[in-house]
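Engineer: Questions regarding the structure given below will be posed in turn.
The values are calculated or read from the model by the stated rules, or taken from the named source; none is laboratory data. Note that the structure is a prediction, hence the values are computed from the model and not measured. Every residue, glycine as well, gets a Cβ built from its backbone with ideal geometry; the counts of neighbours run over all protein chains shown. Please note that ligands, DNA and RNA were not included when accessible areas were found on the heavy atoms of the full protein model with its side chains. Shrake-Rupley method; radii C 1.70, N 1.55, O 1.52, S 1.80 Å.
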Amino acid sequence: MSFNTTGQLFRFTSWGESHGPAIGCVVDGCPPGIALSEADIQPYMDRRRPGQSKYTTQRREPDRVEILSGVYEGETTGTPIALVVHNVDQRSKDYSEIAAKFRPGHADYTYDMKYGRRDPRGGGRSSARETAMRVAAGAVARKVLDALVPGGVSVRGALVQMGPHGIDRDRWRWEAVDENPFFCPDPQAAERWADYLDGVRKAGSSCGAVIEVVADGAPPGLGAPIYGKLDADLAAAMMSINAVKGVEIGAGFASAALSGEENADEIRIGNDGRPIFRANNAGGVLGGISSGQPVVVRFAVKPTSSILTPRDTVTSAGEETEIVTKGRHDPCVGIRAVPVGEAMAALVLADHLLRHRAQCGPPLDPIPPLKRD
């Protein structure tokens, strides 16, 4: 299997399977002299860690990250940073009854068609377990951004829709994201989602979600036309996350319903003599290059395909049959995709920052972000 690496100057390679002894990654291209320890990475791992509430898979993984290389006396050396997390709560027997069956909505069939074999234990490389190492690498990327961008870059994500139920943006509070199990910025929506997801979970079904990631403080100038656009790489990064089926930047698909006058982000001069944008329909990216406004990306996660409702399928021998996927699964895998989306945004921004510095030197200061009421 190829294509386990992403990025150009700041490169990230992941390895391991859902039910193997461990998962890990190598981060290559990190500048030397950046303070880094396992304590810098672990808080992000804890946000994604399974088994923290009844609304996520009950697989019990501590997800303790270990740094194997690339750090000496608390600082990066410029050499590859190897990170590892040991799997401790695999239950491969949960998949023994369905090892010869293709689970609808999963990658079982396509992996078998491509490689002539597959790992039925939790999906192997196609499992959401793989995303833990994206979060670990994303923590390293955040350190790079904070070290090289004056004032740092804040990369935050939130769940803005669960199933058909969205949030009220007038009630958006970033502080609320850490106050409920859904990473929801609207406390009232979070209360409704609890009842909704309880019903989904008890029915043995699942639901999808929409996640929004906002990067404040990203400097202008990141990204390169024509085939190195920042928004194109962000879209590719989000689409690479397991179960993601759609991505939009800024106003996204809603911009199709706007007039030219409504969609244009008008520019004026602020009191400090610097330009200010009156809106951010562009999501902080113009012509593939960051404008200095907040970079805004949303992605849609499909319902978890592992459900208890019997579904029609076929076996690897070509026989029609029925399947029920037992085991421990997220009723809404989009919940734990929030820290994964943050990590992917950080990885892309760190890579583009290093690419910009290599060609143009240090970036300009960012435009002050629009305040969200």
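Engineer: Rounded to whole Hz and in sequence order, give me ³J(HN,Hα) for the stretch 17-27 from the Karplus expression 6.51 cos²θ - 1.76 cosθ + 1.60, θ = phi - 60°, writing x for Gly and Pro.
Structural biologist: Each residue's phi maps through the Karplus curve to give 10, 4, 10, x, x, 7, 10, x, 7, 10, 9 Hz.
Engineer: Say the dipole of the stretch 305-344 comes from +1 at the beta carbon of Lys and Arg and -1 at that of Asp and Glu; which of 325, 313, 338 then lies farthest toward its positive end?
Structural biologist: Checked the options; the winner is 338.
Engineer: Percent relative contact order of the chain, based on C-alpha pairs within less than 8 angstrom and at least six residues apart?
Structural biologist: Values: 804 pairs, mean separation 81.6, N = 373.
Computed over the chain, the figure is 22 percent.
Engineer: Can you work out the accessible area per residue across the chain, with the rest of the protein chains kept in place, probe 1.4 Å, in square angstrom?
Structural biologist: Details: 17260 Å² over 373 residues.
In whole numbers, the chain has 46 Å² accessible per residue.
Engineer: Next up: Per residue of the chain, what 222 nm ellipticity follows from adding -39500 (n - 2.57) for every DSSP H run with n ≥ 4, rounded to the nearest 500?
Structural biologist: Working: 7 runs with 91 residues, N = 373.
Roughly -7500 deg cm²/dmol at 222 nm, from the helical runs in the chain.
Engineer: Between residue 173 and residue 100, what is 0.36 nm times their sequence separation minus the Cα-Cα distance? Round to one decimal in nm. Please report the intermediate quantities before stating the final value.
Structural biologist: Numbers: separation 73, 0.36 × 73 = 26.28 nm, distance 4.70 nm.
This chain segment gains 21.6 nm when fully extended.
Engineer: Right, here's the next one. Of the heavy-atom accessible surface of the chain (probe 1.4 angstrom), what whole percent is carbon and sulfur? Write out the running numbers ahead of the final one.
Structural biologist: On the way: 8990 of 17260 Å².
Whole-percent figure for carbon plus sulfur exposure: 52.
Engineer: In debye, nearest 20: dipole of the chain around its Cα centre with unit charges on the Cβ of K, R (+) and D, E (-)?
Structural biologist: Taking the Cα centre of the chain as origin, the dipole is about 660 debye.
Engineer: Another question, if that's okay. Tell me, what is the FRET efficiency for residue 35 and residue 64 to the nearest 0.05, using R0 = 25 angstrom and their Cβ-Cβ distance as r?
Structural biologist: Details: r = 20 Å, r/R0 = 0.80.
Given R0 = 25 Å and the Cβ-Cβ separation, E is 0.80.
Engineer: So which helices of the chain fit the span-like rule, where a helix is a whole DSSP H run, its Cα atoms reach 30 Å or more along the axis, and its mean Kyte-Doolittle is at least -1.0? Show your work: numbers first, answer last.
Structural biologist: Values: long enough: 337-360 (34 Å, 0.63).
Span-like helices in the chain: 337-360.
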